[in-house]
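The values are calculated or read from the model by the stated rules, or taken from the named source; none is laboratory data. Owing to the predicted nature of the structure, the values given are computational and were not obtained by experimental measurement. Quick reminder, even Gly has a Cβ in these numbers, built from the backbone with ideal geometry, and neighbours come from all protein chains shown.
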Amino acid sequence: MALTELAVKKLGKKSRRYEVLDGGGLYVRVAPSGLKTWVFRYQFDGRPRRMTIGKWPGVGVASAREKYSQALQDVQNGIDPGRKAQEAKAALKAAPTFSDLLDEHWEIELKHKKSGLQTKKLIEKNAMPTWGNWKVADIKRRHIVILLDKIAQRAPITRNRVHGALSRLFNFAAERGVIDDSPCTRIKKLPEKGRDRVLTDDEIRLLWTALDLENKDFDIYKPTKLAIKLILLTGQRPGEVCGMRWSEIVDDVWIIPPERRKTADENKIPILPMAKEVLNQAGIFSADSEYVFQSSYKPEKSMTRHALTRAIARHWSEMEIDEKFTPHDLRRTLRTRLAELKVDDIVGEKILGHRLQGVLGTYNRHEYMDEKRGGLLKWEAKISAIVGDGQKNNVIQFARKGV
């Protein structure tokens, strides 16, 4: 007699396990504890077999019969459903989690890329708390959309960066056979408005004046102030300035090695009087460090570009500057002002460390050191005139021992 939900519910526990037939080879097994489990008994290769279909009430009568029909069909097609279920369970157990996938991506690809660590940290911060223990195959497009929407509410640009990182990660998973296709396909990038912020003469003066104030009057860590100044003076990327090493300074030239550059090629920047003075002051704070701008929290490491971003974000209005700006805007300010000072565009691009495009990039290997020096001298003269601070052409007197 076929079982009903009520009939299964009424099956009581006994001192020994027993089974009740539903029909065909489908039984419900009742353990002494009262636990009820659906079981399929069948013959395969001339031998009696048994497979577990699921536990009641999680698997109800109708669901058990559907699973039983599928298993019976497998038997009729020459497939052992019990073995098939075991293999599927083993495959699921062996299937990598999101955390496993990120580890594999790191070992095979990310750690060999300049931006690899940054990408790994971006994923760890934004996706790992949600998906760390999930099976990769269980992460669907809808899950990604929900995650990106949450990020977009607080940081639209970061949302796009996370989207890009996840797209590369899931493409990697597809290439490695972890999944068939990336769930990131057809998810669009949000439009981004390019920044065009350039500081005016008055804003440069207000910034410089604030950076010259003592901490009791303007509470920013002194080396942070100096790093911000050096970005404005040289136009180098905030991360490159923060990671600057004393060993990179050779004969009044700052040689930024390829491994620290976004474009993975060396850039040489002449160190001129105002920049020299900044480095002299920085040496007072980092005399025993390999880094020019060491971290205030972890002295064995360099300052991070995020420290500069936070400092400006917290204090720009105290400088009496009307519009918010970022450390990277100082780099754009230098480039724009070099053009105003009639510095050749090629020289301006070489100072910033941009690669020349087209034929120039392929065949022109001139380092433009004299031209860079001339352009930066014009820029230092302009800043000096803006802030009203004449500078002497001093030779670097580094406070750091042994330099």
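Per-residue answers, yes or no, for (1) polar (S, T, N, Q); (2) touching a residue at least 24 places away in the same chain (Cβ under 8 Å); (3) not assigned by TED's automatic domain parsing to the domain that holds Q118:
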| position | (1), (2), (3) |
| --- | --- |
| T158 | yes, yes, no |
| R161 | no, yes, no |
| A165 | no, yes, no |
| S182 | yes, no, yes |
| R186 | no, yes, yes |
| P191 | no, no, yes |
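Can you name the number of the only condition in (1) basic (K, R); (2) under 30 Å from S295 (Cα atoms); (3) outside the structural domain of R310 (by TED's automatic domain parsing); (4) more than 19 Å from the chain's Cα centre (by Cα) that R154 fails?
Among (1) basic (K, R); (2) under 30 Å from S295 (Cα atoms); (3) outside the structural domain of R310 (by TED's automatic domain parsing); (4) more than 19 Å from the chain's Cα centre (by Cα), the lone unmet condition for R154 is (4).
I'd like to verify a number: residues in the range 244-259 that are touching a helix residue (DSSP H, G or I) at 6+ places or on another chain (Cβ under 7 Å) and buried (at least 20 other Cβ atoms within 10 Å of the Cβ), how many?
2
Hey, can you tell me all the residues within the range 168-180 that are assigned to a helix (DSSP H, G or I), among the charged types (D, E, K, R) and touching a helix residue (DSSP H, G or I) at 6+ places or on another chain (Cβ under 8 Å)?
From the range 168-180, those assigned to a helix (DSSP H, G or I) are 168-175; that's our starting set.
So of that shortlist, the ones also among the charged types (D, E, K, R) come out as 168, 175.
The one that is assigned to a helix (DSSP H, G or I), among the charged types (D, E, K, R) and touching a helix residue (DSSP H, G or I) at 6+ places or on another chain (Cβ under 8 Å): R168.
Here is a check on your reading of the model: is K193 outside any loop (DSSP other than H, G, I, E, B) and loosely packed, with under 14 Cβ neighbours inside 10 Å?
On the way: outside any loop (DSSP other than H, G, I, E, B): no; loosely packed, with under 14 Cβ neighbours inside 10 Å: yes.
Criteria not met by K193.
Kindly provide the set of residues from the range 277-295 that are more than 18 Å from L213 (Cβ to Cβ) and either touching a residue at least 24 places away in the same chain (Cβ under 8 Å) or crowded, with 19+ Cβ neighbours inside 10 Å (or both), ordered by number. If you could, list the steps in order and put the result at the bottom.
Restricting attention to the range 277-295, the residues satisfying the condition of being more than 18 Å from L213 (Cβ to Cβ) are 279-280, 283, 286-295.
The answer is L279, N280, G283, S286, A287, D288, S289, E290, Y291, V292, F293, Q294.
Of the residues A165, A91, which is among the small types (G, A, S), at pLDDT 95 or above and assigned to a helix (DSSP H, G or I)?
Exactly one residue qualifies, and that residue is A165.
Take the residues in the range 205-218 that are free of Cβ contacts under 8 Å to residues at least 24 places away in the same chain and either acidic (D, E) or under 13 Å from I312 (Cα atoms) (or both), then tell me which one is surrounded by the most Cβ atoms within 10 Å (Cβ to Cβ). Steps first, answer last, please.
Step one: of the range 205-218, the residues free of Cβ contacts under 8 Å to residues at least 24 places away in the same chain are 211-217.
So of that shortlist, the ones also either acidic (D, E) or under 13 Å from I312 (Cα atoms) (or both) come out as 211-212, 214, 217.
Details: L211: 22, D212: 13, E214: 8, D217: 9.
The qualifying residue surrounded by the most Cβ atoms within 10 Å (Cβ to Cβ) is L211.
Quickly run through the range 219-236 and pick out the residues that are part of a loop (DSSP other than H, G, I, E, B) and surrounded by 22 or more Cβ atoms within 10 Å (Cβ to Cβ). Reasoning before the result, please.
Taking the range 219-236 and keeping what is part of a loop (DSSP other than H, G, I, E, B), we get 219-221, 235-236.
Residues satisfying the conditions are G235, Q236.
Restricting to the range 196-207, name every residue that is of a type in the set (A, V, I, L, M, F, W, C) and in a helix (DSSP H, G or I). Write out each step before concluding.
Step one: of the range 196-207, the residues of a type in the set (A, V, I, L, M, F, W, C) are 198-199, 204, 206-207.
Correct list: I204, L206, L207.
Does the range 138-163 hold any residues that are surrounded by 14 or more Cβ atoms within 10 Å (Cβ to Cβ) and small (G, A, S), and which are they?
The one that is surrounded by 14 or more Cβ atoms within 10 Å (Cβ to Cβ) and small (G, A, S): A152.
Which number in (1) in contact (Cβ under 8 Å) with a residue 40 or more places away in the chain; (2) in a helix (DSSP H, G or I); (3) touching a helix residue (DSSP H, G or I) at 6+ places or on another chain (Cβ under 9 Å) marks the one condition that R332 misses?
Of (1) in contact (Cβ under 8 Å) with a residue 40 or more places away in the chain; (2) in a helix (DSSP H, G or I); (3) touching a helix residue (DSSP H, G or I) at 6+ places or on another chain (Cβ under 9 Å), only one is false for R332: (3).
Among the candidates D80, D74, which residue alone is touching a helix residue (DSSP H, G or I) at 6+ places or on another chain (Cβ under 7 Å), of a type in the set (D, E) and farther than 20 Å from A31 by Cβ?
Details: D80 fails: touching a helix residue (DSSP H, G or I) at 6+ places or on another chain (Cβ under 7 Å).
Every option except D74 fails the conditions.
Counting just the residues of the range 44-63 that are outside any strand (DSSP E or B) and not polar (S, T, N, Q), which one comes out surrounded by the fewest Cβ atoms within 10 Å (Cβ to Cβ)?
Step one: of the range 44-63, the residues outside any strand (DSSP E or B) are 45-46, 57-63.
Now drop any that are not not polar (S, T, N, Q), which leaves 45-46, 57-62.
Working: D45: 7, G46: 5, P57: 11, G58: 9, V59: 18, G60: 14, V61: 20, A62: 9.
Going through the qualifying residues, I end up with G46.
Which of the residues spanning the range 179-207 are of a type in the set (G, A, S) and under 19 Å from the mean Cα position of the chain (by Cα)?
At the first step, the residues of the range 179-207 found to be of a type in the set (G, A, S) are 182, 194.
Residue satisfying the conditions is S182 alone.
I'd like to check something: does the range 297-304 contain any residue that is assigned by TED's automatic domain parsing to the domain that holds I383, under 30 Å from D202 (Cα atoms) and under 21 Å from the mean Cα position of the chain (by Cα)?
If we filter the range 297-304 for residues that are assigned by TED's automatic domain parsing to the domain that holds I383, which is where we start, we get 297-304.
Of the ones still in play, those that are also under 30 Å from D202 (Cα atoms) are 303-304.
Still in the running and under 21 Å from the mean Cα position of the chain (by Cα): 303-304.
Checking the range 297-304: at least one residue is assigned by TED's automatic domain parsing to the domain that holds I383, under 30 Å from D202 (Cα atoms) and under 21 Å from the mean Cα position of the chain (by Cα).
Every residue, every condition in (1) out of contact with any Lys or Arg (no Cβ under 8 Å at 6 or more places or on another chain); (2) surrounded by fewer than 18 Cβ atoms within 10 Å (Cβ to Cβ); (3) more than 17 Å from T234 (Cβ to Cβ), yes or no:
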site: L330; (1), (2), (3): yes, no, no
site: T336; (1), (2), (3): yes, yes, no
site: H354; (1), (2), (3): yes, yes, no
site: M369; (1), (2), (3): no, yes, no
site: S384; (1), (2), (3): yes, yes, no
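Could you check T362 against (1) part of a helix (DSSP H, G or I); (2) modelled with pLDDT of 95 or more; (3) more than 30 Å from the chain's Cα centre (by Cα) and say which number it fails?
In the conditions (1) part of a helix (DSSP H, G or I); (2) modelled with pLDDT of 95 or more; (3) more than 30 Å from the chain's Cα centre (by Cα), T362 misses (2) alone.
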